[in-house]
Amino acid sequence: MVALAASIPSPPRGTLYLGPVPLRAYAFCIVAGVIAAVAVARARWVARGGDEHTIADLAIWSVPAGLIGARLYHVATDYQLYTDDPMGALRIWDGGLGIWGGVAVGTAVGLWMAHRMKLDLPTLLDTVAPAIPLAQAIGRWGNWFNQELFGRPTSLPWGLRIDLANRPEGYLQFATFHPTFLYESLWCLAVVGIVLAVERRNRLRPGRLFAVYVAAYTFGRFWFELLRIDPAHRIAGLRINDWISLLVFAGAMAVVLT
């Protein structure tokens, strides 16, 4: 069994109770990420001469749409998890959000609303480019509280201790696993830095900064996905999320370079 004193502990539970009211840590991480992203995007939009209420007005539509899109993507790609418990697809607090669906639907709805508000869409995309990975970096910690989406067993000192009840079949004898939530969280913070650095040093055409975010994120996501051991559909040996990462990365780089 891989078990080290120098390892990352998992929280004993992902829910705290305020009297009879359950407070889900997973939901708290998502909300905290959204608040941080809206604050950053608002500051950047105002700095560009935009109205201080615009970002919040857009978030009212794009955030719920993004959550719905993320959940639908997860359920569609991991439908086998809900064949015996269809109602489980509605229990979003138990975990299970697909970032691809979240960004796609949230961005689409946000741009639709922005078009109706007669906003400059490329400028808006560049405004939110560093805000979205910040939200992702914070939201990923929800996986830590839920003890989910970790990687292969590891003996590294930063291995994540997982309770026996949360270990997948075939890995019950291992105690510590790659903390892929932490890897992705740190990478998302790095993506924030990359986007801001590119913005300072380059004169990209409007809208290209958002493509930089997409390319940088998908580059890291491809590698983290290779570490994960949770059940997933595969094509030619690669998880479907890896294929999506490759395709989206290629598309984003094409936009950046045009």
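Things to note:
- Scanning segment 209-242 for residues that are aromatic (Phe, Trp, Tyr) and surrounded by 16 or more Cβ atoms within 10 Å (Cβ to Cβ) yields 210, 213, 217, 219, 222, 224.
- Test: residue 134 is under 13 Å from the mean Cα position of the chain (by Cα) and on the phi > 0 side of the Ramachandran plot: no
- Residues considered: 184, 148. Of these, the only one that is among the acidic types (Asp, Glu) and at pLDDT 95 or above is 184.
- Filter result (farther than 23 Å from residue 222 by Cβ and either charged (D, E, K, R) or in contact with a helix residue (DSSP H, G or I) (Cβ under 9 Å, 6 or more places away or on another chain) (or both)) within segment 82-107: 82, 84, 85, 88, 89, 90, 91, 92, 93, 94
- Qualifying residue in segment 91-101 (condition: within 20 Å of the chain's Cα centre (by Cα) and at pLDDT 85 or above): yes
- Within segment 42-82, the set of residues being modelled with pLDDT under 90 and part of a loop (DSSP other than H, G, I, E, B) comprises just one member, 78.
- The set of residues in segment 123-170 that are of a type in the set (Gly, Ala, Ser), buried (at least 23 other Cβ atoms within 10 Å of the Cβ) and under 23 Å from residue 12 (Cβ atoms) comprises 139, 142, 159.
Condition check ((1) more than 30 Å from residue 153 (Cβ to Cβ); (2) modelled with pLDDT of 95 or more; (3) of a type outside the set (A, V, I, L, M)) across all residues:
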residue: 180; (1), (2), (3): no, yes, yes
residue: 188; (1), (2), (3): no, yes, yes
residue: 199; (1), (2), (3): yes, yes, yes
residue: 206; (1), (2), (3): yes, no, yes
residue: 214; (1), (2), (3): yes, yes, no
residue: 220; (1), (2), (3): no, yes, yes
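- Any hit, segment 233-246, residues being under 20 Å from residue 189 (Cβ atoms) and either touching a Gly at 6+ places or on another chain (Cβ under 6 Å) or touching a residue at least 24 places away in the same chain (Cβ under 8 Å) (or both): yes
The values are calculated or read from the model by the stated rules, or taken from the named source; none is laboratory data. Quick caveat: nothing in here was measured; it's all calculated off a predicted structure. Backbone-built Cβ (ideal geometry, glycine too); neighbour counts: all protein chains shown.
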